[in-house]
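The values are calculated or read from the model by the stated rules, or taken from the named source; none is laboratory data. Worth saying up front: this structure is predicted, and the values here are computed from it rather than measured. Note that we place each Cβ from the backbone using ideal geometry, even for glycine, and neighbour counts take in every protein chain shown. In case anyone asks, the SASA skips ligands and DNA or RNA and just uses the protein heavy atoms, side chains included. Shrake-Rupley method; radii C 1.70, N 1.55, O 1.52, S 1.80 Å.
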Amino acid sequence: MKRFLFLVLLIISFSAYGQCNEFWPVGKPVFVPNTIELCNSFYVSVYNPKTRAVIMTSEILAPSGLKVKRSNNFHSDSRVSNPVIPKDYNKSGFDRGHMVPAGDAPTISAMSETFLMTNMTPQAPMLNRGNWKELEESIRHQVNSSRRPVYRDWE
């Protein structure tokens, strides 16, 4: 009976994947056991509901001359049970570090999606506001210079 339940759960978890294929390089999702795939307008998050942590993200980063004003509207994700809330980071010593950077958002609604807590990971403030920010900006600059979209995966 346990094996049967395990197989049913495995089939269900695999069937939940593959909804966001356009955001994965070569159109194939990265399956990670015990996670769910969360589709957004220009990226996908692989999220572990048990640990309440984003495991990885994949996005299509397209060249854009558009600059969307940063909203800083951190909010929980209603698609998951027991969601992380912005207050969970209060007095933790960590920043809410974006996996898919807010600066990559092509529209105001896409910007809002980057502030979902299922796109955040605890990050040391010095790293988040320093070298990590520089890395994000450098990649964005290279994409805008090349005028070609690229996939960006963060793990």
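The set of residues from segment 59-91 being in a loop (DSSP other than H, G, I, E, B) and among the β-branched types (V, I, T) comprises V68, V80, V84, I85.
Tell me yes or no: at least one residue of segment 138-152 is aromatic (F, W, Y) and closer than 16 Å to F23 by Cβ. Within segment 138-152 (the criterion being aromatic (F, W, Y) and closer than 16 Å to F23 by Cβ), the answer is yes, since at least one residue qualifies. When the criteria are applied in full, R52 fails the requirement of being among the charged types (D, E, K, R) and either on the phi < 0 side of the Ramachandran plot or touching a Pro at 6+ places or on another chain (Cβ under 6 Å) (or both). For segment 102-135, the candidate set comprises residues that are in a loop (DSSP other than H, G, I, E, B) and either in contact with a Pro (Cβ under 9 Å, 6 or more places away or on another chain) or modelled with pLDDT of 95 or more (or both); within that set, the residue that is farthest from D77 (Cα to Cα) is G130. Residues considered: N128, N119. Of these, the only one that is out of contact with any His (no Cβ under 8 Å at 6 or more places or on another chain) and open to solvent by less than 80 Å² (accessible area, probe 1.4 Å) is N128. Of all residues in segment 136-151, those being closer than 24 Å to N73 by Cα and either modelled with pLDDT of 95 or more or open to solvent by less than 30 Å² (accessible area, probe 1.4 Å) (or both) number 1.
For segment 34-68, the candidate set comprises residues that are more than 14 Å from the chain's Cα centre (by Cα) and touching a residue at least 40 places away in the same chain (Cβ under 8 Å); within that set, the residue that is most open to solvent (accessible area, probe 1.4 Å) is L66.
Restrict the check to segment 101-110 and report whether at least one residue is over 22 Å from G27 (Cα atoms) and buried (at least 19 other Cβ atoms within 10 Å of the Cβ).
Looking through segment 101-110, at least one residue is over 22 Å from G27 (Cα atoms) and buried (at least 19 other Cβ atoms within 10 Å of the Cβ).
One residue alone among G65, G27 is small (G, A, S), touching a helix residue (DSSP H, G or I) at 6+ places or on another chain (Cβ under 6 Å) and modelled with pLDDT under 85, and that residue is G27.
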